[in-house]
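Read-outs: derived from the displayed coordinates by stated rules, not from any lab. Please read all numbers here as calculations on a predicted model, not as lab measurements.
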Amino acid sequence: MKRRKIYGVLAVVLLLAFGIVGCSANTKGEAGDQPGDKVVISGKNFTEQEILVYLMAGVVEAKTDLEVETKPWLGGTMVASKALDGGDIDIYAEYTGTALTVQLEQESMTDPDAAYEKVSKMYQEKKDITWLKPFGFNNTYTLTMRKADAEKLGVETFSDLVKDAPNLVMASEPEFLERDDGYKGIQKLYGINFKDVKAMDAGLMYSAVKDGKADVCPAYATDGRIIAFDLKVLTDDKQFFPPYYAAPIVRNDTLNKHPELADALNSLAGKIDDETMQQLNAQVDLDKKAAKDVANEWLKAQGLI
């Protein structure tokens, strides 16, 4: 008799438990918070990309009901691209020059608007991916060296550097050395050859030049260390590097499911010029602030969150 009573009590408890779970699930459904109402925003493996991850995540979280998972420092260009193509991530920031010459294997273009239009159209046709509006800055590649050495040698341009390169050491991130729109392309166009080339992490190559362990390094035009380390930006006098305007790119299936993403991410359009991006980068690389904090402080200052 006692056993039957115990079983009866257990049955009631189980029914109540399932009822509560069922009610909770229905409540979530009514609120629109179904499984899958999450987007993954990722970025490549350098500071600027980490900041962009949190800038994009910040406006999406503030302006939509979507849950955001962030995956900064995913890897290089090919890693990020494959992750987006394969659906492992939904969004990351790409650069027009990289998309044009590396991803699409097209000839370099110097007109920034034409480059954007071309990559936008080809990504739709070939990848089913949408380019949203550019953030506003052009993080083109350049070459830098210590300002004092450049003045001593009379180096102002890439062409000027050719005569002195056999006596100089270049420090570079590995990806730049392998890309056709990187060192290989510069060698081909300018005929430049250094005494030695040292491959190292992007975060170390600036310090290597600053500390005299190398003489030249490729640099991003928006990097805060250019000014802080008293480096000189050399002029790409043959206009080898294409424009590298950054913009959010989104899988079309994600955008079709969550069209509100476009308005949220486009709220960043045209808001970040070269100087602003350089300052944000410097806060992380030099002031050692967390990229997420830097991004959120800027978003609040702009009234975007």
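Please report how far the C-alpha centroid of region 61-136 lies from that of region 170-230, rounded to the nearest whole angstrom.
Spelled out, the Cα-based centre of one part sits 24 Å from the other.
Would you mind telling me which residue in Tyr54, Tyr183, Tyr92 has the biggest mean-square fluctuation in a Gaussian network model of the chain, where springs connect alpha carbons within a distance under 10 angstrom?
Tyr183
Mind pulling the angle between the C-alpha long axis of helix 2-31 and the longest principal axis of the chain? Nearest 10 degrees, somewhere in 0 to 90.
Tilt relative to the chain: about 40 degrees.
Once fully extended, how much extra length lies between Met200 and Lys38, figured as 0.36 nm per residue of separation less the alpha-carbon to alpha-carbon distance?
Residue separation times 0.36 nm, minus the Cα-Cα distance, leaves 54.8 nm.
Report, in degrees rounded to the nearest 10, the 0 to 90 angle that the Cα long axis of helix 274-285 makes with the longest principal axis of the chain.
The angle comes out at about 70 degrees.
On full extension of the chain, what length is gained from Asp293 through Asp274, given 0.36 nm per residue of separation minus the C-alpha to C-alpha distance?
Going from the current span to full extension adds 4.9 nm.
Subtract the Cα-Cα distance of Ala148 and Asp88 from 0.36 nm times their separation in residues, and report this length gain in nm to one decimal.
Separation in residues times 0.36 nm, less the Cα-Cα distance, equals 17.0 nm.
Mind pulling up the Rg/Rh value for the chain? Radius of gyration and Kirkwood radius, both on Cα.
On the way: Rg = 24.6 Å, Rh = 21.5 Å.
Expressed as Rg/Rh, it is 1.15.
Please state, rounded to one decimal and in Å, the Kirkwood hydrodynamic radius that region 75-143 gives when every pair of distinct Cα atoms enters the mean of 1/r.
Averaging 1/r across every pair of different Cα atoms and inverting gives 12.6 Å.
Average projected area of the Cα convex hull of region 141-233, in nm²?
Averaging across all directions leaves 5.1 nm² for the Cα convex hull.
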